[in-house]
Amino acid sequence: MSTQVLRSDPASISFSSSSHLEVSSPQTRHALEIAARHLTELHPVVFPTETVYGLGALALNPSAASQIFSVKGRPPDNPLIVHVSSHDMLRSMLPSNFTIPKSYRALMKHFWPGPLTLLFPSDPSIVPSIITAGQSTVGIRMPSHPVARALITLTNAPIAAPSANSSGKPSPTAAEHVVRDLGDKVPVILDGGPCGVGLESTVIDGLSSDNTIRVLRPGGVTVEDIERALKEEAENGDSIPRVLVHRRDFRDAQLEASPTTPGMKYRHYSPSVPVTLLMTLSSPPEGVSSINANSYLSSLQNSIAKVGSTLKIGLLFLSDSRLGRLALPESSRLQWHRYDMGPSADPSVAARRLFDGLLTLDAEGVDMILIEEVVEKDEGLAIMNRAQKAAGELQWISF
């Protein structure tokens with residue numbers, strides 16, 4: 001299959017109302033129409049969102065949705081998130097007797113369109129089981145990226161879209177990432193430039209009756225953002241829902257065995273080379289020792305004999321951290337490939353750069369990648385969620 005990479009200018013797209021689309025660029029309009037036609041003909045296409053690039057297909061057509069799994073090599077028990085372009089489209093997917101909870105209305109007011117996925121009850125007569133992996137809920141979000149919203153609007157149908165990468169690999173945040181990975185497996189890639197958030201959407205479940213919001217996957221909307229929005233929208237006498245983060249605040253073995261949302265069961269975000277997460281901030285668990293940073297980095301030279309030539313090491317670091325400022329050991333057979341994730345005070349920069357860093361270093365042919373730990377606050381929680389899933393090893397470091 002020959003893939004068309006079609007430039008789509010987000011700045012040329014606007015919505016004069018919630019669903020009335022206007023596109024000032026003829027080139028972009030043509031690209032969107034080509035992609036929409038492929039979708040309606042049941043072919044998958046790649047498009048940008050504010051989080052990562054998505055591999056899209058008609059969500060309510062099982063034949064179309066099945067192609068997502070074959071292109072990605074995705075396990076069938078890994079559910080898909082559905083993208084909508086309007087509240088009317090959302091309502092068309094929900095059971096007729098379902099009332100949207102007040103907490104959801106508050107979060108939708110603040111974060112839709114945007115990188116927030118909400119779990120809703122799934123009506124199997126509307127949503128195919130291939131989308132939900134047989135679960136009773138379906139994850140739905142309304143993307144804020146103009147190209148994504150325009151494509152859904154033109155197609156006039158909900159679009160299921162996981163990240164546009166081979167299953168288990170880092171998610172793409174630029175069109176060139178998709179080209180390198182999926183190659184000619186899709187007919188169309190809409191190139192809308194780099195993604196602004198760089199990590200997948202936050203997924204929450206607020207359907208329980210215990211007045212909690214459970215964060216199943218941290219992402220582009222932070223826990224702090226969610227808590228502020230719920231507090232702001234609370235009326236006098238309202239009990240503000242507690243926000244609980246999976247694996248930090250609660251565990252659910254049944255949920256992990258049969259996940260209701262992507263990213264919970266399988267290893268994700270891993271490039272083709274080994275990844276080690278350097279724990280430079282937290283204390284090691286009991287029985288585990290830390291190693292001095294200089295000693296650890298120098299010890300990596302012992303791996304040269306294993307590769308038989310120059311050892312190429314990729315390092316994702318924070319620009320103002322002690323590790324980032326550390327002088328790296330030099331050797332004629334040791335080559336460092338550094339990738340700056342930005343300042344520690346602004347984790348949104350590191351969130352935007354994490355996947356690009358992994359994919360860039362992988363493309364540069366490094367033999368291993370080291371990722372520096374970040375504080376699990378704001379976007380840092382989502383960064384560490386992805387870094388821990390990408391890493392095959394954790395190493396505690398002291399200075």
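The values are calculated or read from the model by the stated rules, or taken from the named source; none is laboratory data. It should be emphasised that the depicted structure is a prediction, and the values quoted were computed from it without experimental measurement. Glycine gets a Cβ as well: all are built from the backbone with ideal geometry, and neighbour counts include every protein chain shown.
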Please state which one of SER136, SER122 is of a type in the set (S, T, N, Q) and over 16 Å from VAL84 (Cβ atoms). SER136
Filter the stretch 75-103 for residues that are crowded, with 19+ Cβ neighbours inside 10 Å and of a type in the set (Val, Ile, Thr) and give the result. ILE81, VAL82, VAL84
Output for the stretch 1-32, where each listed residue is charged (D, E, K, R) and assigned to a strand (DSSP E or B): ARG7, GLU22
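Residue by residue through the stretch 67-84, note down the ones that are in contact with a strand residue (DSSP E or B) (Cβ under 8 Å, 6 or more places away or on another chain) and closer than 11 Å to ILE131 by Cα.
Initial filter on the stretch 67-84 (in contact with a strand residue (DSSP E or B) (Cβ under 8 Å, 6 or more places away or on another chain)): 67-68, 71-72, 79-84.
Within the stretch 67-84, ILE68, PRO79, LEU80, ILE81, VAL82 meet the criteria.
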Please work out which one of (1) within 20 Å of the chain's Cα centre (by Cα); (2) farther than 19 Å from VAL71 by Cα is the condition LEU94 fails and give its number. (1)
Give ASP378, ASP340, ASP362 a once-over and let me know the one that is acidic (Asp, Glu) and on the phi > 0 side of the Ramachandran plot. ASP378
Assess whether ALA35 counts as being in a helix (DSSP H, G or I), buried (at least 21 other Cβ atoms within 10 Å of the Cβ) and touching a Phe, Trp or Tyr at 6+ places or on another chain (Cβ under 8 Å). yes
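Only one of these is at pLDDT below 95 and either part of a strand (DSSP E or B) or in contact with a Gly (Cβ under 9 Å, 6 or more places away or on another chain) (or both): SER167, SER208, SER239. Name it.
SER167
Determine if the stretch 359-373 includes at least one residue that is under 18 Å from the mean Cα position of the chain (by Cα) and touching a residue at least 40 places away in the same chain (Cβ under 8 Å).
Step one: list which residues in the stretch 359-373 are under 18 Å from the mean Cα position of the chain (by Cα), which gives 359-360, 371.
From what is left, the residues that are touching a residue at least 40 places away in the same chain (Cβ under 8 Å) are 359, 371.
Yes, there is a match, as at least one residue in the stretch 359-373 is under 18 Å from the mean Cα position of the chain (by Cα) and touching a residue at least 40 places away in the same chain (Cβ under 8 Å).
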Collect the residues in the stretch 338-354 that are closer than 22 Å to ALA390 by Cβ and either surrounded by fewer than 17 Cβ atoms within 10 Å (Cβ to Cβ) or among the charged types (D, E, K, R) (or both), keeping them in residue-number order. ARG338, ASP340, PRO343, ASP346, ARG352, ARG353
Given (1) touching a His at 6+ places or on another chain (Cβ under 6 Å); (2) surrounded by fewer than 22 Cβ atoms within 10 Å (Cβ to Cβ), index of the condition THR49 fails: (2)
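Residue by residue, here is whether (1) part of a helix (DSSP H, G or I); (2) hydrophobic (A, V, I, L, M, F, W, C); (3) in contact with a helix residue (DSSP H, G or I) (Cβ under 8 Å, 6 or more places away or on another chain) holds:
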| position | (1), (2), (3) |
| --- | --- |
| VAL82 | no, yes, yes |
| MET89 | yes, yes, yes |
| LEU107 | yes, yes, yes |
| GLY114 | no, no, no |
| PHE120 | no, yes, yes |
| ASP123 | no, no, yes |
Within the stretch 76-90, identify whether any single residue is of a type in the set (D, E, K, R) and farther than 19 Å from SER144 by Cβ, and answer yes or no. yes
Scanning the stretch 130-180 for residues that are charged (D, E, K, R) and surrounded by 19 or more Cβ atoms within 10 Å (Cβ to Cβ), the one nearest to TRP112 (Cα to Cα) turns out to be ARG141
Looking at (1) crowded, with 18+ Cβ neighbours inside 10 Å; (2) free of Cβ contacts under 8 Å to residues at least 40 places away in the same chain; (3) touching an Asp or Glu at 6+ places or on another chain (Cβ under 6 Å), which one does ALA106 not meet, given that it meets all the others? (2)
Consider the stretch 11-21. How many of its residues are more than 14 Å from SER144 (Cβ to Cβ) and modelled with pLDDT under 95? 5
